[in-house]
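Comments concern the structure below.
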Amino acid sequence: MGLIFVNRDGKSHGQLTEQELSNGIASGEILPTDLAWRDGMETWQAVSTFEDLPAPGVEPFTPVVPERFLTPDPNRLKPGAIRFDDCLSKAWGAFGKNWGVCIVAMIIFFAISLVTQIPMHLAQGLLEKFNPAKDPAMVAAAGAVFVFFWVIASAISVLLTAGITYFFVTTLRTKANLDLIFAGFRKESWLQILLAGIAWGVLVFVPAVVFIVPGTLLMAYTKSSVPMLVGAVLFVLPIIYMSVGIGFVFPLILDRGIGFREAIATAFRTVHVQWFSVLGLLILAGLVTISGVILCGVGLLATAPLGYLIWSQGYRQLFGDPDSARVD
């Protein structure tokens with residue numbers, strides 16, 4: 001029947017197997033009055049109503065998920081449930097209270113992202129200007145410079161993206177703090193965030209090798225575009241599936257103080273059971289963000305923060321708040 005969430009007075013005992021729940025009841029760690037929920041149930045129910053549990057075993061009571069992970073309030077939401085009305089209202093309320101800081105945060109984010117792209121374009125421009133004959137040595141040197149600055153820009157982009165997401169998650173809980181834009185650069189987190197970014201790159205690369213490369217070769221051999229189209233579709237589908245959940249990895253690393261592997265596993269395990277709801281959340285946040293383009297692009301400074309806040313409230317609904325940051 002899958003893992004079982006157990007909650008007492010708003011505090012989670014983690015996600016337990018049926019055997020662990022039985023052992024917890026026998027040891028006294030779990031009370032009959034504690035609330036429990038598992039996939040397929042409409043509402044939380046008392047542990048005492050779970051009559052199909054196995055007999056207590058000799059294994060000690062050990063929660064699967066550390067206690068620093070909280071499930072949503074059982075009186076408000078099921079674990080992992082997404083309420084779009086709550087996302088919209090909480091996002092609008094937080095933006096109304098912190099609109100100035102939120103806009104400044106987006107300006108900083110866009111400005112740094114733009115500046116990091118300049119060295120790459122300068123390398124390309126200098127190559128075309130001073131090496132019109134395409135000297136191989138000059139091409140190799142310019143290519144090495146381009147790759148170097150591309151790696152630096154990509155690393156900064158990943159760390160900055162992690163920070164801006166954490167900034168908006170925290171803005172919903174308490175109040176906006178511009179310093180959190182650079183939370184991804186913290187010494188205890190930056191490496192895990194970069195490793196998560198690399199892992200995402202590998203997840204994209206593998207389907208490309210498996211589907212795009214054979215499709216291209218078959219297209220050249222058969223003189224038909226069908227194999228390429230099939231390969232492209234087979235490549236895009238897993239990327240879309242993975243993209244829906246990957247965005248939650250960065251705030252999990254910063255929010256929970258966990259490693260990139262645990263963050264990736266937690267994100268995908270949570271998103272998998274309600275993938276279409278999370279996709280709907282991303283579409284909603286994206287539509288709100290893109291609406292700023294209508295106002296000659298300037299409106300993005302307002303709609304982009306609002307889109308981030310909508311997504312961030314969805315994150316809070318899915319994963320809850322740590323004990324130290326939990327608010328109503």
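The values are calculated or read from the model by the stated rules, or taken from the named source; none is laboratory data. Bear in mind the structure is a predicted one, so any value in this text is a computation, not a measurement. All Cβ positions, even for glycine, are placed from backbone atoms using ideal geometry, and neighbour counts span all protein chains on display.
Worth pointing out:
- Remark: pairs (first residue in region 202-222, touching a residue at least 24 places away in the same chain (Cβ under 8 Å) and among the small types (Gly, Ala, Ser); second residue surrounded by 12 or more Cβ atoms within 10 Å (Cβ to Cβ) and in a helix (DSSP H, G or I); Cβ separation under 8 Å; 6+ apart in sequence or on different chains) = ALA208/PHE235.
- The one condition in (1) exposed (fewer than 13 other Cβ atoms within 10 Å of the Cβ); (2) touching a Cys at 6+ places or on another chain (Cβ under 8 Å) that LEU309 fails to fulfil: (1)
- Near pairs, Cβ below 9 angstrom, 6+ apart or cross-chain, from region 242-254 (farther than 11 Å from TRP275 by Cα) to any residue that is not in a helix (DSSP H, G or I): LEU252/ILE258; ILE253/SER189; ILE253/GLY259; LEU254/ARG186; LEU254/SER189
- Residue list for region 109-121, restricted to those being crowded, with 17+ Cβ neighbours inside 10 Å and more than 30 Å from VAL139 (Cβ to Cβ): PHE109
- Of all residues in region 39-57, those satisfying the criterion of being touching a helix residue (DSSP H, G or I) at 6+ places or on another chain (Cβ under 9 Å), surrounded by 14 or more Cβ atoms within 10 Å (Cβ to Cβ) and not in a helix (DSSP H, G or I) are PHE50, LEU53, PRO56.
- Inside region 173-202, residues that are crowded, with 16+ Cβ neighbours inside 10 Å, under 15 Å from the mean Cα position of the chain (by Cα) and of a type outside the set (Gly, Ala, Ser) make up a count of 5.
- From VAL64, VAL47, residue being at pLDDT below 80 and within 26 Å of ASP321 (Cβ to Cβ): VAL64
- Test: residue in region 257-275 that is under 13 Å from the mean Cα position of the chain (by Cα), surrounded by fewer than 23 Cβ atoms within 10 Å (Cβ to Cβ) and small (Gly, Ala, Ser): yes
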